[in-house]
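Structure record follows, encoded as structure tokens.
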Amino acid sequence: MLAFTCDIDWAPEEVIEDTLNLFELFGVKCTFFSTHHSLNLSKSDKKLFEIGIHPNFNQLLRGDSDKSFEDILDEIMDIHPEAVGIRTHTMMQSVVMLQKFADKKLLYESNTLMPYQTGLKPIRLWNNLIRIPFNWEDDVHWAYGYSFEDPKIDITANEMIVLDFHPIHIYLNTENKYRYSEAKNFFNDPKKLLEYKNTEVPGTRDLLINLLKKCRNEGIETFRMKDIAYICLRDTII
């Protein structure tokens with residue numbers, strides 16, 4: 001099973017729309033883990049797209065918030081009451097958090113990154129929450145120093161592949177941390193961001209488009225994350 005995911009990370013509407021348009025163009029499914037209300041996400045084609053939640057609990061670690069863990073979780077769930085899946089910002093997790101996700105009737109979580117690993121499988125946790133690991137992420141790819149000419153993972157393999165992109169890196173065609181560090185000062189100015197777009201070497205956008213073309217041209221089936229979770233429940237393979 002092949003699944004594309006995106007962590008939207010507070011991206012402005014124009015940036016989110018740009019990513020949605022790419023997936024729509026190629027007819028490829030994607031799960032968006034959302035940090036906030038997005039009009040473009042809310043009106044997107046639910047046959048292609050799933051909206052999960054992407055809460056940020058980092059402020060609790062810094063001790064600069066008067067909100068509780070549950071306050072933060074409830075706020076994003078109030079924005080997306082239909083969500084059944086969660087991936088926390090920076091993949092923060094703990095036993096207490098996982099139990100609370102189950103208590104909130106979420107179906108699955110995807111907080112475990114295993115870069116380029118093969119043979120991934122969902123597992124059922126003690127609280128019946130389904131863990132769906134993922135094995136590729138755009139900023140981790142450049143952290144390894146890899147070129148975006150090659151994803152280092154075979155999306156045609158007969159196994160579970162879960163990829164994670166960020167709309168901001170798709171928009172910038174980011175190829176390394178330095179470009180993003182310079183551009184992020186203009187995060188909420190899509191026109192200004194375009195001045196920082198990578199046009200010199202293969203980047204995140206180039207790689208994504210190549211993968212989407214491959215899916216379309218080779219008829220590779222794609223899944224939303226909740227599809228994987230429901231299939232696992234049905235087939236009792238977890």
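The values are calculated or read from the model by the stated rules, or taken from the named source; none is laboratory data. Note that the structure is a prediction, hence the values are computed from the model and not measured. Reconstructed Cβ throughout: ideal geometry from the backbone, glycine too, with neighbour counts over all protein chains shown. Note: accessible area is taken over every heavy atom of the protein model, side chains too, but ligands, DNA and RNA are not part of it. Shrake-Rupley method; radii C 1.70, N 1.55, O 1.52, S 1.80 Å.
Answer yes if at least one residue in the stretch 223-235 is part of a loop (DSSP other than H, G, I, E, B), of a type outside the set (D, E), touching a residue at least 60 places away in the same chain (Cβ under 8 Å) and surrounded by 13 or more Cβ atoms within 10 Å (Cβ to Cβ), and no otherwise.
yes
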* **Flag if N21 is within 17 Å of L212 (Cα to Cα), open to solvent by 30 Å² or more (accessible area, probe 1.4 Å) and within 18 Å of the chain's Cα centre (by Cα)** => yes
message: Within the stretch 128-146, does at least one residue satisfy the condition of being in contact (Cβ under 8 Å) with a residue 40 or more places away in the chain, touching a Gly at 6+ places or on another chain (Cβ under 6 Å) and either surrounded by 12 or more Cβ atoms within 10 Å (Cβ to Cβ) or assigned to a helix (DSSP H, G or I) (or both)?
response: no
For I220, the lone unmet condition from (1) in a helix (DSSP H, G or I); (2) open to solvent by less than 50 Å² (accessible area, probe 1.4 Å) is (1)
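Conditions (1) under 18 Å from L60 (Cα atoms); (2) hydroxyl-bearing (S, T, Y); (3) in a helix (DSSP H, G or I); (4) touching an Asp or Glu at 6+ places or on another chain (Cβ under 6 Å), marked per residue:
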| position | (1), (2), (3), (4) |
| --- | --- |
| D74 | yes, no, yes, no |
| E82 | no, no, no, no |
| M97 | yes, no, yes, no |
| Y116 | no, yes, no, no |
| K121 | no, no, no, no |
Within the stretch 110-127, restricting to residues that are among the aliphatic types (A, V, I, L, M) and exposed (fewer than 15 other Cβ atoms within 10 Å of the Cβ), the one that is nearest to P151 (Cα to Cα) is M114
Scanning the stretch 86-97 for residues that are among the hydrophobic types (A, V, I, L, M, F, W, C) and open to solvent by 10 Å² or more (accessible area, probe 1.4 Å), the one nearest to W136 (Cα to Cα) turns out to be M91
Quiz item: Going by the conditions given, is E175 surrounded by 15 or more Cβ atoms within 10 Å (Cβ to Cβ) and either over 22 Å from L48 (Cβ atoms) or of a type in the set (K, R) (or both)?
Solution: yes
Scanning the stretch 116-140 residue by residue, the ones that are more than 14 Å from the chain's Cα centre (by Cα) and at negative phi total 13
Considering residues that are surrounded by 18 or more Cβ atoms within 10 Å (Cβ to Cβ) and free of Cβ contacts under 8 Å to residues at least 12 places away in the same chain, the number found within the stretch 24-44 is 0
When the stretch 24-40 is checked residue by residue, the ones that are farther than 24 Å from M91 by Cα and touching a helix residue (DSSP H, G or I) at 6+ places or on another chain (Cβ under 8 Å) are L25, F26, G27, V28, L39, N40
Result of the Cβ filter at 7 Å on the stretch 59-86, keeping first residues that are within 26 Å of S42 (Cα to Cα) and partners that are polar (S, T, N, Q) and not in a loop (DSSP other than H, G, I, E, B), at least 6 apart or interchain, is H80/S34; G85/T31
